Amino acid sequence: MTVEFDVYEYNPKSGISEKVGVKEFRQPTSRLSKWVDRPKGTVTKPPIGNALDLKVTKNNVSCDKLAPDALGYLRADSNGIFNQALTVLTTLPCHAGHGWSVTSENFERSLLVMAIRLLPKKTWLNNRDQYEVPNVDHPGFAQFAQDSIIWALFHGKNCTSSLSPVQYKGARHEINNEFFWVYPDAFESTRNKPQPIIQQLRQRPKERFVSSWLTQGHSRNKFSPDTMKLVAKATDLVLTTVPMRGRAAAHWQLDQWDAGWYQLRMWIKKSTGDHLAEARKQLEEITALHKKVGDRLRSVVYELGCLPEEKLFE
């Protein structure tokens, strides 16, 4: 059932409330929160709050398990845009729960759910809207899905990370970042790498899941030019800043070759010093491009029926 209401806003100049559009309300028939298969978490892993905030000594942990062979965990709290901010992708299980293990089987749908939840701009008008499953038969769905996954990977809510081994519940846990998109071989031509990264690369580490996903079975022509440009610029930022990682505070754990987008981005934003001046310019360009891609994809969320429409007058 769909109901439309007129939208009025108070105009201080005229002193009256004026009609500014029409808002559609409806009960969701297919909730987005039910769209992804959720494999049972049976493997104990250290819980985490965000990319770096491990909760291994805390008692208030609701979730510390992942599915076997999980790539990470997506917190997607409730199905309404009201809780949009509680959408976080992490390498380890989110201590608060309210999500599921991301695996190679549900990777695409999981990242698409992440994008659909984060693309709309939350306002007083849509605050209580419920997300719905996209119309996969829509002619624009395939392109939207591919581009949205890339957009999600470079969103600030991608808090996946690579961390030093951690002890938790009597076991030592290696924490790799399967959402890292650069192949190990790409680092070969980079000079002045920090010694820990040199040692890791000498061991010929396996490429991470996302780097394989980008190249194997996903031909470049499936992605729009602006999303591929986003990947290229982010890759360049990774490689050009490798020689400077040795000067990064230990907190960021940038001595890991597959350190995540959050680790790299926040290190550049929060650090001072002229040695990162060019990196800051690069990051500003990437941020602007990411916003541009998001602006392009946002309207498609409504075209695919994922949220009720808002018809506001110009």
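Across the alpha-carbon set of the range 173-292, the Rg to Rh ratio works out to 0.95, Rh being the Kirkwood radius. Only one residue of A152, I16, T240 has its Cα farthest out toward the positive end of the dipole of the chain, where Lys and Arg carry +1 and Asp and Glu -1 on Cβ, and that residue is T240. Remark on the range 79-235: ratio of C-alpha radius of gyration to 2.2 N^0.38 Å is 1.19.
Each semi-axis of the equivalent ellipsoid for the range 41-115 is √(5λ) with λ an eigenvalue of the Cα gyration tensor; in descending order they amount to 19, 16, 9 Å. The label-point distance for D226 and L239, in a model that sets each label 7 Å from Cα toward Cβ, rounds to 2.5 nm. Roughly how many Å is it from the Cα centre of the range 129-199 to that of the range 92-116, as a whole number? About 12 Å separates the Cα centre of the range 129-199 from the one of the range 92-116. Taking the range 152-173 and a reference point 7 angstrom along Cα→Cβ of S62, the backbone N atoms nearer than 20 Å belong to 157-160. Pairs exceeding a 29 Å alpha-carbon distance, out of K121/K281; K40/K229; K122/K206: K40/K229; K122/K206.
Rg/Rh, computed from the Cα trace of the range 1-132 with Rh as the Kirkwood radius, has the value 1.13. Taking each DSSP H run with n ≥ 4 as -39500 (n - 2.57) and averaging over every residue of the chain yields -9500 deg cm²/dmol at 222 nm.
The amide H of G72, built 1.01 Å from its N in the peptide plane, has V102 as neighbours under 5 Å, considering only residues 5 or more places off or on other chains. Loop only per DSSP, at most 14 neighbouring Cβ atoms within 10 Å: give me the trypsin sites (Lys or Arg not before Pro) in the range 40-91, ordered by residue number. Filter output for the range 40-91: K40, K58. Given the choices (1) 66, 44, 40; (2) 56, 39, 37; (3) 53, 48, 41, Cα extents along the principal axes in Å derived from the coordinates of this structure is entry (1). Ordering 197-206, 230-239, 158-167, 6-15 by mean Cβ neighbour count within 10 Å, with the highest value first, yields 158-167, 230-239, 197-206, 6-15.
Taking R0 as 25 Å, what's the FRET efficiency between Q167 and K40 from their Cβ-Cβ distance, rounded to 0.05? With a Förster radius of 25 Å, E is 0.50.
None of the figures in this text is laboratory data; all of them are computed from the coordinates on show. Note that the structure is predicted; figures quoted are calculated from it, not measured. Cβ sites come from the backbone with ideal geometry, for glycine too, and all protein chains shown count toward neighbours.
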